[in-house]
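The values are calculated or read from the model by the stated rules, or taken from the named source; none is laboratory data. Values in this document were obtained by computation on a predicted structure and should not be read as measured data. Ideal geometry is used to build each Cβ from the backbone, glycine not excepted, and the neighbour counts take in all protein chains shown.
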Amino acid sequence: MSSTPYEPIGQSPAFLDLQERLARVAPIDRPVLLLGERGTGKEMAARKLHYLSKRWGNPFVTLHCAALSPTLIESELFGHESGAFTGARGGRKGRFESADKGSLFLDEISLIPMETQEKILRVVEYGSFERVGASQATEANVRIIGASNANLQDQANNGKFKRDLLDRLSFEVIFLPPLRERGEDIPLLTAHFASRMARELEHAEIPHFSQSALDALMQYTWPGNVRELKNVVERAVCRANGAVIGTVDFEPFRAPWKTLGSENVDRAHAVKCDMDQPTTPAAQTNWAGIDLFAQGVARALENGEVVALSELHDAIDAAALESALAVARYNQRAAAERLGLTYHQFRALYRKIKPGN
């Protein structure tokens, strides 16, 4: 499937329903609100609305309201006259003027101050506004596309968003589905992002994900949605040492050493995936040994003995390390992947268990 910057990828029912709704409302010259979690592609949806509309040949202008302080948003939207405030040495167009006869995408519209919302309402109703510091009105023919991950109805009920403006902007309200509701799209998106990253890195071949790695991607809840999937896939391709990616890392902020207040390096979010390598007899013996060890600990506890938890951690780490090394035929990088660790994390664990090496 071909892709352009304005053509998202998917085949799930939720994705296809979204595309149908966008295509249906795009030609209608009315405001649209796009609601969804972070990373669901609200700006991409806004661009599709613009380029499928009659305004497609005119500017598509964006303003990310979260990136501006409340005092700057009004000037960015409506522009200012020379001397309107300290540092305003010359007049400047705002986003409304720049988007004349086109579309203005207001991302995180819920963060716009109430005073500025009043001026936006005037633009929606009358098609005119005044620059900051000006006394004459300026006309602008602009289609507003707003986006937010907040509940705008609750904000209006709590007096944090102007009810009249919400009513005027909500000619159509489109909810963007989170990635967890688009399971069928994850393999497609994974292949797409992996291919792009491999080309960027000038790899001779595009690595593919093992079935267990794909299963891990499918089972993850994706709080950051498509944006997070893109990061995870690109990171995996960047770290890949071969044609098969067997491990995906959902938590890039794990420290490769012990942190204060923790007994062990935190590996809770590293997913251990099947590398499809043969299990040697040595590895089978070690994993069986862990089971016997656990049974022995249980018997000791039942008999009232005191078992030092830190010693158990060290013993289990040692058994797991020996098993992974045996499976990987003592290739430390491959053993690290079997344990869901980076190479540096594996080396730190190896030095802890075998300090003389």
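Contact map, segment 130-150: residues that are crowded, with 19+ Cβ neighbours inside 10 Å paired with residues that are of a type in the set (Asp, Glu) and in a strand (DSSP E or B), Cβ distance under 7 Å, separation 6+ or inter-chain. Pairs shown: Ala147/Asp107. Scanning segment 124-145 for residues that are assigned to a helix (DSSP H, G or I) and under 34 Å from the mean Cα position of the chain (by Cα) gives a single hit, Val124. Restricting Lys119, Lys54 to those that are in contact (Cβ under 8 Å) with a residue 40 or more places away in the chain and within 22 Å of Leu34 (Cα to Cα) reduces the list to Lys119.
Summed over segment 316-344, the residues that are of a type in the set (Ser, Thr, Tyr) and surrounded by 17 or more Cβ atoms within 10 Å (Cβ to Cβ) give a count of 2. Does any residue of segment 224-244 turn out to be in a loop (DSSP other than H, G, I, E, B), at pLDDT 90 or above and touching a Lys or Arg at 6+ places or on another chain (Cβ under 9 Å)? Among the residues of segment 224-244, at least one is in a loop (DSSP other than H, G, I, E, B), at pLDDT 90 or above and touching a Lys or Arg at 6+ places or on another chain (Cβ under 9 Å), which makes the answer yes.
Can Arg92 be described as modelled with pLDDT of 95 or more and not hydroxyl-bearing (Ser, Thr, Tyr)? So that I can check it myself, show each step before the final result.
Details: modelled with pLDDT of 95 or more: no; not hydroxyl-bearing (Ser, Thr, Tyr): yes.
Taking the combined requirement at face value, the residue does not satisfy it.
Taken over segment 27-74, the criterion of being out of contact with any Phe, Trp or Tyr (no Cβ under 7 Å at 6 or more places or on another chain), in a loop (DSSP other than H, G, I, E, B) and small (Gly, Ala, Ser) is satisfied by Gly39, Gly41, Ser53, Gly57, Ser69.
Specify the residue that is farthest from the chain's Cα centre (by Cα); the eligible residues are those in segment 213-223 that are assigned to a helix (DSSP H, G or I) and surrounded by fewer than 17 Cβ atoms within 10 Å (Cβ to Cβ).
Here is the first cut: in segment 213-223, the ones assigned to a helix (DSSP H, G or I) are 213-219.
Narrowing further to those that are surrounded by fewer than 17 Cβ atoms within 10 Å (Cβ to Cβ): 215, 218-219.
Numbers: Asp215: 19, Met218: 15, Gln219: 16 Å.
Here the answer is Asp215.
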